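Just so it is clear, none of the values below were taken in a lab; they were calculated from the coordinates. Just so we're clear, the structure is a prediction, and the values are computed from it rather than from any experiment. Every residue, glycine among them, receives a Cβ derived from its backbone with ideal geometry; neighbour counts consider all protein chains shown.
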Amino acid sequence: MPMDQQLIRNFSIIAHIDHGKSTLADRILQLTETVSAREMRDQLLDSMELERERGITIKAQAVRVQWKGHELNLIDTPGHVDFTYEVSRSLQACEGALLVVDAAQGIEAQTLANAYLAIENDLEIVPVVNKIDLPQADPDAASAEVADLIGDAADNVLRISAKTGQGVDAVLDAIVERIPAPAGDPTAPPRALIFDSSYDQYRGVVAFVRVVDGVLRAREQLRAMALGTRFEAQEIGFMSPAMRPVEELQAGEVGYVVTGLKDVSELRVGDTLTGEKRPAAAPLPGYKEVKPMVFAGLFPTDSDDYPELRDALEKLKLNDAALFYEPETSQALGFGFRCGFLGLLHMEIVRERLEREFDLDLLVTAPNVAYRVKPLNEEWVEVHTPADLPDAFDEVEEPYIRASIIVPKEHVGAVMELCNDRRGKFDHLEYLSEQRVHLTYELPLGEIVLDFYDQLKSRTRGYASFDYDLAGFRAGNLARVDILVAGEPVDALSLIVHRDFAYERGKMLVEKLREEIPRQMFDVAIQAAIGARIIARETVKARRKDVLAKCYGGDITRKRKLLEKQKAGKKRMKQVGGVEVPQEAFLAVLNLNDGAKR
Amino acid sequence: MSTTGARHLYVHLPFCASRCGYCDFVTVVGRDGEHERYVTALLGELELERDLLAPRLETLYLGGGTPTLIRPDELERLLASLPTADEVTIEANPETVTRDLAALLAQNRVDRVSIGAQSFHMHLLDVLERRSRPESVRRAVHRLRDAGIGNISIDLIYGIPGQEPAHLERDLAEALALEPEHVSAYELEAKPGTRFAHAHGAELVRQADAMESYFEHVVETLTGAGYRWYETANFCRRPEYAGGRDLRARHNLGYWLGHDYLGLGVGAVSTIENRRWRNAPSLARYTATLAAGERPARELEELPPPVRASERLMLGLRLDEPLALDGLEDALDEPGLDRLADAGLAVRNGGMLALTRRGRFLGGGVTARLLA
């Protein structure tokens, strides 16, 4: 029986990490009897092991629940800045959103970013203050902040405890009452927005869709309008929370399509599905290809593991279309891959999955951003690794972000100092309440990728919250700093920095390397250079003695084993210009700011 | 390696008056009453293993512990019962060398005595927990000379916590003043797990940089005084200052040249052909097992030819004479050797490999890079 669009509500929950999004989702599933108490597992929607451990949601999913004669589709959104594009696609699939704020913490930077996204998408926002059962909760203050943010009356803010279940039924009622029903054209050619996809090793790519117009039917020929991929809908259905196949999904409904495609890159989030028989004239708006902005080299610690790393990346890519990789050969680190990520968390997740799910020992180089460069008399190219920046060029551009930082007012000075140190351009300062300040800055992404977030946390004693979105490429006065060990450039240690900081960074890096490179049998020069000009130098002094003092009849086995161990240790080092460089040294740039006053 | 039997015999005498903090040998403090039983056990083990020995021994070495601490009648019984050899060495703590002991040794074929002097500074001896005093070293040397012992070695330790360059200088001068035929100079190693490492480890790390030059200083002083730096930590008077005698320690030379050797006693190690074994360290079990006419408990290690080849390389490079590479090709890391040669640390000449002077100071690291 076709479902009347008037009885459908599609909504997301947007919240800062730990403000209780997953707990609220669990409670909704319970209260609507979508899952029995016996089936209940905390944070049911976060299915990946890593997500559960980190308490964050990486891949969005959708669950259908029934409430008082209505069909409610809860579309889960990823909770992190790196996945802003996925969040925006999820929001586009909805007519409304629950904005959840912790009653003790108030609004955080991520709450703001996602709330703005929801407002941009014309969603009806249902404000919710959660965790009112906590002793330190201040529901009045939190309600006032939220009401102020979305321009609503504080009385309209729902006060709940997802943990105890208090107030959750009122949330469901509000979804029905306040969020508008979908308003697509059920008779038009079908158009369905892909807001997420996953990979099933038996069934191929599964697309999660919101049908906007028309009807999607099982076994129908479908086409992804932006990429042009064609396939047969092998099965369609909805999640509740398990997959429930149906014959058709109608305008306004949310569900999944089993495509049988073997490669996630053939189907992109944001694309529009239509029917081959009666295709729509134009796709839904808003599709864009997400481009990785943060890059790092991934090398197997043991070079024999290279094929395993390649296979693992291939498998990861199957359900992570945003992951980019290409083979990279470093003279220092051997064979590996240059990988591109949406951001730092994405990088961390990929690395952890490679180590955990594929049992690989990895060396990850210091991350850098993508640069656009115009070599002398040539066309613009994008550079993903500092060593590839040519010595001479007409212009170079680096990506910028708009950073949004919320911080108690006593830490504003520290945050501004940090942002200024990182070439930030002040944009805006606003008091959210008497205590809390919202700051916006424009910053080069390259200044963020190493340790900005750690610095921000430590300088504000953990109180700052931070979010950003990309603001495009801008020209920069940048230079490539090379590191030479014993006169030989080490590609994996090159970095691109603003010329004003080149001398300071180069000096810090060679000092750090002097500590990391053990003394050898001869003096080793460590130099930083821009082109042919040396800007800093340190020397690792040669060892003067290295002997095993005594070796008589009773000692021989032990001494032999000692030498074998030393020998094995040497094997793990990389030879650069005859110098044995431990792998840790290649990460020196990561810790550049340790102890340095910045 | 020899198919006609080992020509080097080591006998371990574990008894000590007290245990020095830095020592990691198998030692037993006190238990004077057990000397007789232990000597009996040693001779019992000798009988069980006699077939492994060559008819004529090149060297016999009594080490410890403090071999000279054993009851004189038992020491005499032991020396009288052990097979004779071209060189018979005993280790002695200076304070144990009485006129009677010196005479006993000389009368029982001992012709070489290695004296554990370690330092001539009272406060450094205290740090090492040695019971001897600086004057007891001098007295011991004179008594041994008076008894007719013509080959005396003095052990020195440098790198002692609190040891200043001037202290090392004076230790070397004091030792040289006694005109020993042989000097062993070891850098102190604070082996993990010893009481000493626990008490002084941090201090040793702190002074490591300052002490880097001590090894060079030891080598320069001793070679300048007419001694041959023939092994990493061992020096002997040059033949031209010794009536033409080759004063290298023949027993230890056997180890460094990769010869077979038989070891008797608790914790003693033997290496014969492709096997090495270490007697278990428990004194009580050692004597009890041998009293029952059985071999002591042993830890056995197989030494396949590649391992023995590695050891030949490791040991041979400690010596000042070039090492013949014949048969060691597989143990050698050729590219490693090329790099070391380029760095001026090793020289290959035909089938011979030698370390340069700087290479010898870095012998440990050099060897680690030369091993395949």
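Points worth noting:
- Cα pair distances exceeding 23 angstrom across segment A:479-591, given as percent: 37 percent
- For segment B:8-256, relative contact order (Cα pairs under 8 Å, six or more residues apart, normalised by length) works out to 17 percent.
- In the protein assembly as shown, taking the dipole from charged Cβ atoms about the Cα centre, the farthest positive-side position among A:Leu333, B:Leu325, B:Ala343 is held by B:Leu325.
- Convex hull projection area averaged over all views, the protein assembly as shown, Cα basis, nm²: 51.3 nm²
- Coarse-grained scattering of chain B at q = 0.08 Å⁻¹, given as base-10 log I(q)/I(0) from a Debye sum over alpha-carbon atoms: -0.42
- Taking other Cβ atoms within 10 Å as a rough exposure proxy, A:Met508, A:Met225 sort from fewest to most as A:Met225, A:Met508.
- A:Met243 versus A:Ser458: modelled label distance in nm, points set 7 Å from Cα along the beta carbon direction: 4.7 nm
- B:Glu164/A:Met573 FRET efficiency (R0 30 Å; Cβ-Cβ; nearest 0.05): 0.25
- Each Cα pair under 8 Å and six or more residues apart adds its separation to the average, and for chain A the resulting relative contact order is 9 percent.
- With a threshold of 19 Å on the Cα-Cα distance, the over-threshold entries among A:Lys163/A:Lys409; A:Lys512/A:Lys541; A:Lys291/A:Lys425; A:Lys545/A:Lys574; A:Lys374/A:Lys425 are A:Lys163/A:Lys409; A:Lys291/A:Lys425; A:Lys545/A:Lys574; A:Lys374/A:Lys425.
- Peptide B:207-216 - average C-beta neighbours from other chains (10 Å radius): 2
- Greater than 18 Å apart at Cα, pairs in A:Lys559/B:Lys191; A:Lys565/B:Lys191; A:Lys21/A:Lys68; A:Lys570/B:Lys191; A:Lys561/B:Lys191; A:Lys507/A:Lys571: A:Lys21/A:Lys68; A:Lys570/B:Lys191; A:Lys507/A:Lys571
- Spin-label pair B:Ala288/B:Arg357, simplified geometry with 7 Å Cα→Cβ offset, distance in nm: 5.7 nm
- Segment A:104-144 and segment A:360-426 have Cα centres separated by 31 Å.
- Contour minus Cα-Cα distance for B:Arg245 and B:Arg138 (0.36 nm per residue): 36.2 nm
- The protection proxy used here, the mean number of other Cβ atoms lying within 10 Å of each residue, ranks peptides A:559-570, A:249-260, B:125-136, A:184-195 as follows, highest first: A:249-260, A:184-195, B:125-136, A:559-570.
- FRET efficiency, 1/(1 + (r/R0)^6) with R0 25 Å, evaluated for A:Asp133 and A:Glu33 via beta carbons: 0.60
- Inverse mean reciprocal Cα-Cα distance (Kirkwood Rh) of segment B:217-372, Å: 17.7 Å
- Between A:Asp469 and B:Glu299, the FRET efficiency from the beta-carbon distance, with R0 = 56 Å, is close to 0.25.
- Averaged over peptide A:562-571, the number of partner chain Cβ atoms lying within 10 Å of each residue's Cβ comes to 4.
- Per the Kirkwood formula applied to alpha carbons, segment A:418-528 shows a radius of gyration over Rh ratio, Rg over Rh, of 1.09.
- Descending principal axes extents, segment A:191-275, alpha-carbon based, whole Å: 25, 25, 21
- Each residue in B:Ile90, A:Ile179 was given a count of other beta-carbon atoms within 10 angstrom of its own, and listing them fewest first yields A:Ile179, B:Ile90.
- Estimated from helices alone, the mean residue ellipticity of chain B at 222 nm is -11500 deg cm²/dmol (sum of -39500 (n - 2.57) over DSSP H runs with n ≥ 4, per residue).
- The modelled label-to-label distance between A:Ala542 and A:Ala281, using points 7 Å beyond Cα along the C-beta direction, is 8.2 nm.
- Gain on full stretching of the segment that runs from A:Lys163 to A:Tyr503 - 0.36 nm per residue minus C-alpha separation: 117.1 nm
- Paramagnetic reach from B:Ala173 in segment B:218-245 [backbone N under 18 Å; point 7 Å along Cα→Cβ]: B:218-226
- As a length-normalised measure over Cα pairs under 8 Å and 6 or more apart, the relative contact order of segment A:191-275 settles at 41 percent.
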